[in-house]
Amino acid sequence: MKAILKNKEAVGFDLEEIPVPEPKSKEVLVKVKAAAICGSDLKIFKWIPWCKNVVKSLPFIPGHECAGEVVEVGKEVKRIKVGDKVAAETHITCGKCWQCRHDRSHTCQNMELFGHTVNGCFAEYCIIPLVSTRRVPEDLPFEKGCLLEPMGIPLRAVYEGEVEGDSVVVIGCGPIGQFAVGISRIKGAEKIIATDINEKRLNLARRMGATHLVNAQKESLVDRVLSLTNGNGAGVIIEASGDAQALEKAFNYLRTGGKLFMIGHPEELLKIDGSPQIILKEARIRGLFGREIWRTWEIAENLLSAGKLNIDPIITHKFSLEDFEKAFDIAISGQGCKILLIP
């Protein structure tokens with residue numbers, strides 16, 4: 001089969017022919033129909049220092065957002081059958097630790113990560129552990145099924161934020177931010193303020209339902225949000241950029257008693273004055289890591305299957321495995337939004 005490989009600790013990937021893997025007793029072999037490029041895949045492509053703490057060994061197949069058809073199952077697999085349409089959950093859980101035993105398997109203490117610590121899906125076929133295999137609705141196209149995984153975290157932020165009738169600021173209009181905008185719209189947010197420095201992504205956010213757009217390079221986000229909220233500030237802020245400075249400034253326009261959800265991953269230390277910005281404001285700060293298994297998935301599937309959320313605008317490019325270099329060039333440049341690889 002054709003597979004994209006990370007062969008060495010340097011920039012780039014290689015496309016090679018390798019044997020189709022065989023599933024072990026609790027694994028599923030899937031013919032990949034669609035896979036999506038994530039921000040963490042870009043980190044692995046560039047091979048930043050973060051990778052050495054995640055990727056266990058090379059060569060390695062990246063990619064973790066995918067959907068496909070089951071072609072073989074291990075001898076202990078019962079609930080998944082050949083021919084099933086499935087998607088992959090990135091978090092591979094142990095089922096035994098305190099977190100798993102207390103309905104928090106998405107923060108498993110012994111977690112492996114599909115496409116990070118074990119081989120992923122940028123290939124014609126991939127192995128998915130049974131515990132991370134999700135059967136998805138038959139009426140859901142593969143190209144949307146592969147986006148259930150990245151859609152899950154912003155979905156949690158919007159639902160836990162209880163945004164109905166409130167003002168929401170979404171920081172960062174990459175794919176995760178676009179999901180947050182779209183889901184905020186269908187959940188009834190009164191104002192959805194999307195901010196980025198990329199005009200193309202801001203325009204896309206408008207299509208997804210943003211009521212106001214702010215290019216933070218051209219105007220003060222703090223002033224604009226306060227103006228739009230009569231000086232009160234935003235009730236819900238969803239930080240999806242991973243920009244430490246943007247996150248620090250967010251406390252200046254967070255409403256007293258408001259909620260701030262951190263779903264981006266800042267690479268720099270945060271500098272926050274805890275007394276006026278957190279304590280006196282009674283700020284409710286929540287970090288989110290992954291999807292609640294499988295509650296989040298069920299909600300996302302229902303939104304897509306019922307046609308309540310249109311994510312077509314988010315899918316801006318599609319490439320074959322052979323053209324993966326073009327795909328990653330566009331992803332790194334920020335010219336597109338969600339970029340799919342179609343084996």
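Give, in nm to one decimal, the length gained when the segment between VAL222 and LYS318 is fully stretched (0.36 nm per residue of separation minus the Cα-Cα distance). Residue separation times 0.36 nm, minus the Cα-Cα distance, leaves 30.9 nm. Whole angstrom only: what separates the Cα centroid of segment 197-244 from the Cα centroid of segment 251-298? When both Cα centres are located, 16 Å separates them. Listed values for segment 246-257 are Karplus-derived 3J(HN,Hα) couplings in whole Hz (6.51 cos²θ - 1.76 cosθ + 1.60, θ = phi - 60°), namely 5, 5, 4, 5, 4, 5, 6, 10, 7, 5, 4, x, and x replaces Gly and Pro. With a simple spin-label model that places each label point 7 Å from the Cα along the Cα-to-Cβ direction, the separation between VAL54 and ARG206 comes to 3.3 nm. The long axis of helix 199-208 is offset from the longest Cα principal axis of the chain by roughly 90 degrees. Oblate is the label for segment 1-126. Its Cα gyration tensor axes, ordered a ≥ b ≥ c, give a/c of at least 1.5 and b/c at or above a/b. One way to sum up the overall shape of segment 151-287 is the equivalent ellipsoid from its Cα gyration tensor, whose semi-axes run 20, 16, 15 Å, largest first.
When the listed pairs LYS85/LYS144; LYS33/LYS144; LYS33/LYS200; LYS218/LYS259; LYS33/LYS187; LYS144/LYS187 are checked against a 22 Å cut-off, the alpha-carbon distance exceeds it for LYS33/LYS200; LYS218/LYS259; LYS33/LYS187.
Of the residues VAL181, ALA246, ILE278, the one whose Cα sits farthest towards the positive end of the charge dipole of segment 151-287 is VAL181 (charges of +1 on Lys and Arg Cβ, -1 on Asp and Glu Cβ, taken about the Cα centre). Considering only the Cα atoms of segment 242-343, their convex hull presents on average a projected area of 9.4 nm². Rounded to the nearest 10 degrees, the inclination of helix 295-305 to the longest alpha-carbon principal axis of the chain is 90 degrees.
If each DSSP helix of 4+ residues adds -39,500 (n - 2.57) and the sum is divided by the residues in the chain, what number results at 222 nm, nearest 500 deg cm²/dmol? List each step's numbers first, then the result.
Values: 10 runs with 88 residues, N = 343.
Result for the chain, helices only: -7000 deg cm²/dmol.
For segment 119-135, 3J(HN,Hα) computed residue by residue from phi via the Karplus equation (6.51, -1.76, 1.60; θ = phi - 60°) reads 4, x, 10, 7, 6, 6, 9, 9, 9, 10, x, 3, 4, 10, 9, 10, 6 Hz, glycine and proline entered as x. Here the Karplus relation 6.51 cos²θ - 1.76 cosθ + 1.60, evaluated at θ = phi - 60°, turns the backbone of segment 35-50 into coupling constants of 9, 10, 7, 10, x, 5, 5, 5, 5, 5, 4, 6, 6, 7, x, 3 Hz, with x for every Gly and Pro.
Placing +1 on each Lys and Arg Cβ and -1 on each Asp and Glu Cβ, with no other charges, gives the chain a dipole about its Cα centre of roughly 580 debye. The amide H of PHE319, built 1.01 Å from its N in the peptide plane, has LEU340, LEU341, ILE342 as neighbours under 5 Å, considering only residues 5 or more places off or on other chains.
Compared with the dominant principal axis of the Cα atoms in the chain, helix 148-161 is inclined by about 30°.
Cross-link reach is defined here as a Cα-Cα straight distance under 19 Å, omitting same-chain residues fewer than 8 places apart; for LYS46 the lysines meeting it are LYS6, LYS8, LYS56, LYS326, LYS338.
For LYS52, go through the aspartates and glutamates and keep the ones whose alpha-carbon is under 13 Å away, minus same-chain ones fewer than eight residues off. Within reach: GLU9. Counting every alpha-carbon pair across the chain, the share separated by more than 39 Å comes to 13%.
Test of understanding: what is the full-extension gain from ILE278 to LYS75, defined as 0.36 nm times their sequence separation minus their Cα-Cα distance?
My answer for the length gained is 67.8 nm.
Any read-out appearing in this document is the output of simple, stated calculations on the displayed coordinates, not a laboratory observation. Please read these numbers as outputs of a predicted model, since none were measured by experiment. A quick note on method: Cβ atoms are made from the backbone with ideal geometry, for glycine too, and the neighbour counts reach across all protein chains shown.
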